[in-house]
Amino acid sequence: MDLLGRKKAKEQTEHTDALEAGASDVPEEPAQTPAGGTTPPKGRPTPKRSEAARRRGPVPPAPMTAAEARRRRKEMRTKMSREERKADRIARRAEMTERRERMMAGEEAYLLPRDRGPIRGFVRDVVDSRRNVLGLFMPAALGLIFVMLAVPSVQVQAFLSPAMLVLVLIMVIDGFIVGRKVNRLVDEKFPDNTESGWRLGFYAASRASQIRRMRAPRPRVNRGDKVT
């Protein structure tokens, strides 16, 4: 019993010496919890997960090319749930529809590079204001091909081959006339034009060869209107 008493007295002496050596070595008591048993407020609301995700790092720069944009969309889709992928697909479809509608309406920012500029718009107006024989090329060619497949006889084949050649010749002549007319009117309206006449003529002929209701962007003038 005496040994146990000596051990206890020794421990009390060591604890007293530690207190006298410096209170900095003794850990501070934790803050008392209020009577309600709740943790005191931190002074600011806890951030949401979306806010925490935004704070993780800087936003990556916008993609420079279409291939890079497709790659990023593919990487994002692999991290999405099924509902998120469906919502993203619906949103992209609506965006594409809106862009196409604005392109068909002729808004400059949504046009293809080949269709931009006042000169190209003037060329489209000139082509859309006249009746072009080139517009009959696609229906006539499809009709001849259908007849060749439906009636595979030697007499019909002998008749359709020259008819196809004549049709191509007529289209070439009409395309040449359209190109000449377009270049003449462009030189009169835009004397400082530096674009080659061959490119403008090819652009006019390619538009004239399309069916009117399938042209993009939509025609702004009616047939027979005077374009100035």
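The values are calculated or read from the model by the stated rules, or taken from the named source; none is laboratory data. Model, not experiment: these values are computed from the prediction. Every residue, glycine as well, gets a Cβ built from its backbone with ideal geometry; the counts of neighbours run over all protein chains shown. Quick note on the areas: whole protein, heavy atoms, side chains included, nothing else; ligands and nucleic acids left out. Shrake-Rupley method; radii C 1.70, N 1.55, O 1.52, S 1.80 Å.
Can you tell me which residue among Val172, Val227 is open to solvent by less than 100 Å² (accessible area, probe 1.4 Å), under 30 Å from Gly106 (Cα atoms) and either in a helix (DSSP H, G or I) or among the basic types (Lys, Arg) (or both)?
Val172
Between a residue in the range 113-133 that is free of Cβ contacts under 8 Å to residues at least 24 places away in the same chain and any residue that is part of a helix (DSSP H, G or I) and surrounded by fewer than 17 Cβ atoms within 10 Å (Cβ to Cβ), which pairs come within a Cβ distance under 7 Å, given they are 6 or more apart or on different chains?
Cβ pairs passing all conditions: Arg116/Glu108.
Against the definition (open to solvent by 100 Å² or more (accessible area, probe 1.4 Å) and out of contact with any Leu (no Cβ under 8 Å at 6 or more places or on another chain)), how does Arg180 come out, yes or no?
Yes: the conditions hold for Arg180.
Looking only at the range 196-215, count every residue that is open to solvent by 50 Å² or more (accessible area, probe 1.4 Å) and among the polar types (S, T, N, Q) and tell me the total.
Within the range 196-215, residues that are open to solvent by 50 Å² or more (accessible area, probe 1.4 Å) and among the polar types (S, T, N, Q) number 2.
For the range 167-202, enumerate the residues that are more than 34 Å from the chain's Cα centre (by Cα), more than 21 Å from Arg131 (Cα to Cα) and in contact (Cβ under 8 Å) with a residue 12 or more places away in the chain.
The answer is Lys189, and nothing else.
Might you check whether a residue that is more than 18 Å from Arg120 (Cα to Cα), in contact with a helix residue (DSSP H, G or I) (Cβ under 7 Å, 6 or more places away or on another chain) and part of a loop (DSSP other than H, G, I, E, B) occurs anywhere in the range 187-202?
No, every residue in the range 187-202 fails to be more than 18 Å from Arg120 (Cα to Cα), in contact with a helix residue (DSSP H, G or I) (Cβ under 7 Å, 6 or more places away or on another chain) and part of a loop (DSSP other than H, G, I, E, B).
Taking the residues in the range 99-117 that are part of a helix (DSSP H, G or I) and open to solvent by 100 Å² or more (accessible area, probe 1.4 Å) as candidates, determine which candidate is nearest to Leu200 (Cα to Cα).
Arg114
Would you pick out the residues in the range 203-224 that are farther than 18 Å from Pro118 by Cβ and either assigned to a helix (DSSP H, G or I) or over 29 Å from the mean Cα position of the chain (by Cα) (or both)?
Ala205, Ser206, Ala208, Arg212, Arg213, Met214, Asn222, Arg223, Gly224
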